[in-house]
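Notes follow once the structure below has been shown.
The values are calculated or read from the model by the stated rules, or taken from the named source; none is laboratory data. Just so it is clear, the model here is predicted, and its values are computed rather than measured. Here the Cβ positions follow ideal geometry from the backbone for every residue, glycine too, while neighbour counts run over all protein chains shown.
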Amino acid sequence: MGQTPLDAINELREKKRLELHYRKGNEDKIEILIGMGSSGIASGAKNVLRTFNEILNERGITNVLIRRTGSLGLDHAEPTVEIKMTGMPDIIYGKVTQDVAQQIIEKHIIGKELVCGHIYDRPAQDVVKEPTHAL
Amino acid sequence: MPYKNFCLVCSGNQCESAKSEEIFKELKKTVTDLNLGQEIQVVKTGCFGLCTQGPIVKILPDETFYVGVDTGDVKAIIHEHIIGGQTIERLKFKGKAPGKDPRHYQKQIRIALRNCGVINPEDITEYIGRDGYAALGKAIFEMKPADVIEELRKSGLRGRGGAGFPTWLKWKFTHDVKDQSDEVYIVCNADEGDPGAYMDRSILEGDPQSVLEAMTLAGYACGSSKGYIYIRAEYPLAIERLYTAMSQAREYGLLGDNILGSGFNFDIEIRLGAGAFVCGEETALLASIEGERGMPRPRPPFPAVKGLWGKPTVINNVETYANIAQIILRGGDWFSQIGTEKSKGTKVFALTGKINNSGLVEVPMGTTLREIIYDIGGGIPKGKAFKAVQTGGPSGGVITADHLDTPIDYENLVALGSMMGSGGMIVMDEDDCIVDVTKFYLDFSVEESCGKCAPCRIGGRKMYNILNKITRGNGTMEDIQHLKALAVPMQKASLCGLGQAAPNPILSTLRYFEDEYLAHIQDKRCPAGVCKALVTYTIDPDICIGCTVCSRKCPNNCITGERKEPHFIDQERCIKCGICYKGCKFGAVKIA
Ligand SMILES: Cc1cc2nc3c(=O)[nH]c(=O)nc-3n(C[C@H](O)[C@H](O)[C@H](O)COP(=O)(O)O)c2cc1C
Ligand code: SF4
Ligand code: SF4
Ligand code: FES
């Protein structure tokens, strides 16, 4: 007997849950999340996305996953970008201009240091639990 | 070599004025003196939303928050914490919420917004990886429809679209009559017409699947196979993401026929609205879906019993739906532990206006306005004084500084003469004129009235005209009486909530800011300097140093004066643009 659709979804969930979790710890995977709600886009998130793509291409950095997500809630600091990578804490940058995007790549991603003046904190604690068995 | 530790020093407005700059310098100096510049990076950051406790220093990677830090604490932070590995208890933030996460300080919990800014809204697998569709599976395979409704009852969830009607009861009404009808409908109200409100749009843009899952749950609980999302055409990004989400859900067997192999069928259609505020009113919305003009009809019968095409219809707001999957998954008891006695869970507010950190805020019911405005919102920019906060949009009213410590929930806001509404929260400072703001809302209600009933159509216009007269300096004391006399019949006799609520901003501002109305009427003066007809700009000769900036900027060339001599504004020719006022660095231009 084949797998029921419910089992398939449950299996996908477990797989994805772990994947979402391991993303943080994945040795050479770097994630750039760009807040692309209406207000993010209005404040220039599309340009930021383009700038990141361009610089990463120029620099030949390939282990980066750029993802679009909804509003982070930090509307006063848009465009907002979150960087997740090994060896660095997850950081949300705000008021990201092209120049700041450049600095994020040079300093944060390559140099492993934080970019001054553009760090904002996560807007809220979130209720979805991290998988406990993953650790 | 990468850094091992980071010291983040807040340089937000309030921390800055609490001398965070000195702490930053002291930290840098200490790190350099100890020759630890290679290991510890000291950086300036934006606001952490903890401003009333500033200056704030956050240490990474262990995410420790230190509050009320003084330059004298710098040595301890470096020596005890970073080198010695000991947390400094006396400086550590002691948030009142339980749990280990230091982020609790922000007083926010994300339930409706749990996935916004976390997942890719265009990828259903990420939603699934974050508990997505677990609630639907649980409901279909482990619960009877009545159990789902019972769980909602336990949760205490009330509608987030404005009125706060218990969600479970609506579902139950429909559930109880479903057998008398061949079809039942599930509708999502995504009209969101309130000025300054954008939480529903953000949920749809950031996490569209959560709404689809909840509507499907409603379909299961209420015996429906067909849902509609009514959304305004001005939200193209949300619409696009909804379409993407729907097609992905169908692909995974989570929408359409035989959902999850259970034999249960449910599908959703999108209907675009033209963006009329009254179409957010439920009966008008249903008329609009049916292809009629969006005009309200009298209730009862309520849509739960006689709705779309005369069939039982559940209609809920986007944010209401966004809470539901988590309630089914974690149980109603979990949800009911959050919030106040009569208002459970969280509420999303769109914090805008004169506030440092504008944005979406999701807080447990019962959080005070002070916490929202000062701790989360970071207070009022440029050190200006807080005047009032407008909640509930055109149906609501203002809340003053005296009531900043009121825990917000449905009942308390109504008791203060305002409303929860959909969650717009507009902060005003001393530069905002209350009469002008009230006029703005009245103008909105008049523009958006569908005109079907006389109290709203005529009463609203009359009230607007009176406010207009007052802001032009032609008001009389009788006008206040007229406003009050018009308000009550309008509240009572209007057909729908638009007309019934239209006088609320007036009654609320008259209650708290009557003196400001009187200043306009009796003294012909606008204390905030907003109402142009009542404002005069003058230059104080004792302060003016004669820099000539104003005379060069004045678009009507009506400022005269020699360099280094006091300048003078020709009142006859002044067009009251206020450019001189904004341009003078010395505060020599006065508004009266
Ligand atoms: C004039 C008027 C406009 C309204 N606009 C909206 C709206 O934009 N969005 C919304 O969800 N509810 C709006 N409502 C409330 C709805 O009529 C209805 O109460 C709500 O959609 C029910 O959902 P809930 O129980 O989940 O809150 C409006 C009501 C009135 C009277
Ligand atoms: S109260 Fe106003 S909006 Fe509502 S039905 Fe009457 S005229 Fe139309
Ligand atoms: S800008 Fe101010 S100080 Fe300069 S001339 Fe005008 S009023 Fe005087
Ligand atoms: S200004 Fe520092 S926390 Fe807000």
Among (1) assigned to a helix (DSSP H, G or I); (2) under 26 Å from the mean Cα position of the chain (by Cα); (3) modelled with pLDDT under 95; (4) surrounded by fewer than 24 Cβ atoms within 10 Å (Cβ to Cβ) - the single one B:Gly193 does not satisfy: (1)
Close pairs from the range B:426-449: first closer than 16 Å to B:Ile380 by Cβ and more than 14 Å from chain A (Cβ to nearest Cβ), partner within 16 Å of ligand 4 (Cβ to nearest atom) and part of a helix (DSSP H, G or I), Cβ under 9 Å, at least 6 apart: B:Asp429/B:Pro381; B:Asp429/B:Lys382
Odd one out for B:Ile355, checked against (1) crowded, with 24+ Cβ neighbours inside 10 Å; (2) away from ligand 4 (no atom under 16 Å from the Cβ): (2)
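When the residues of the range B:31-50 are narrowed to those that are aliphatic (A, V, I, L, M) and closer than 27 Å to B:Gly359 by Cα, which ends up nearest to the other protein chains (Cβ to nearest Cβ)?
Here is the first cut: in the range B:31-50, the ones aliphatic (A, V, I, L, M) are B:31, B:34, B:36, B:40, B:42-43, B:50.
Among the residues that remain, those that are also closer than 27 Å to B:Gly359 by Cα are: B:43, B:50.
On the way: B:Val43: 5, B:Leu50: 8 Å.
Top of the filtered list is B:Val43.
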Strands (runs of 3 or more DSSP E) wholly inside the range B:236-343 containing at least 1 residues that are among the polar types (S, T, N, Q) and either farther than 20 Å from B:Ile124 by Cα or within 13 Å of chain A (Cβ to nearest Cβ) (or both): B:256-259, B:313-317
Tally of residues being more than 22 Å from B:Val318 (Cα to Cα) and either touching a helix residue (DSSP H, G or I) at 6+ places or on another chain (Cβ under 8 Å) or within 16 Å of ligand 2 (Cβ to nearest atom) (or both) across the range B:260-293: 6
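Yes/no per residue for (1) over 30 Å from A:Thr69 (Cβ atoms); (2) hydroxyl-bearing (Ser, Thr, Tyr):
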| residue | (1), (2) |
| --- | --- |
| B:Asp176 | yes, no |
| B:Gly193 | no, no |
| B:Pro208 | no, no |
| B:Tyr228 | no, yes |
| B:Leu242 | no, no |
Residue in the range B:3-20 that is within 12 Å of chain A (Cβ to nearest Cβ), surrounded by 20 or more Cβ atoms within 10 Å (Cβ to Cβ) and more than 16 Å from ligand 4 (Cβ to nearest atom) present: yes
Enumerated helices (runs of 4 or more DSSP H) restricted to the range B:114-189, each holding at least 3 residues that are within 14 Å of chain A (Cβ to nearest Cβ): B:124-129, B:134-142
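Name the one entry in A:Asn26, A:Asn63, A:Asn10, A:Asn53 that is at pLDDT 90 or above and more than 10 Å from every other protein chain (Cβ to nearest Cβ).
Numbers: A:Asn26 fails: at pLDDT 90 or above; A:Asn63 fails: at pLDDT 90 or above; A:Asn10 fails: more than 10 Å from every other protein chain (Cβ to nearest Cβ).
Just one listed residue meets the conditions, A:Asn53.
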Any pair with Cβ under 6 angstrom, 6 or more apart, that starts in the range A:86-111 at a residue that is free of Cβ contacts under 8 Å to residues at least 12 places away in the same chain and ends at one that is hydrophobic (A, V, I, L, M, F, W, C): A:Pro89/B:Leu60; A:Lys107/A:Val115
Test: residue in the range A:77-89 that is at pLDDT 90 or above, surrounded by 23 or more Cβ atoms within 10 Å (Cβ to Cβ), in a helix (DSSP H, G or I) and over 11 Å from the mean Cα position of the chain (by Cα): yes
Residue within the range B:412-422 that is more than 16 Å from ligand 1 (Cβ to nearest atom), surrounded by fewer than 24 Cβ atoms within 10 Å (Cβ to Cβ) and assigned to a helix (DSSP H, G or I) present: yes
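Please list, ordered by residue number, the strands (runs of 3 or more DSSP E) wholly in the range B:13-111 having 3 or more residues that are among the aliphatic types (A, V, I, L, M), at pLDDT 90 or above and within 19 Å of A:Cys116 (Cβ to Cβ).
Where strands (runs of 3 or more DSSP E) fall fully within the range B:13-111 and carry at least 3 residues being among the aliphatic types (A, V, I, L, M), at pLDDT 90 or above and within 19 Å of A:Cys116 (Cβ to Cβ), they are B:40-45.
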Residue match in the range B:357-369 (condition: facing another protein chain (nearest Cβ under 10 Å) and among the acidic types (Asp, Glu)): yes
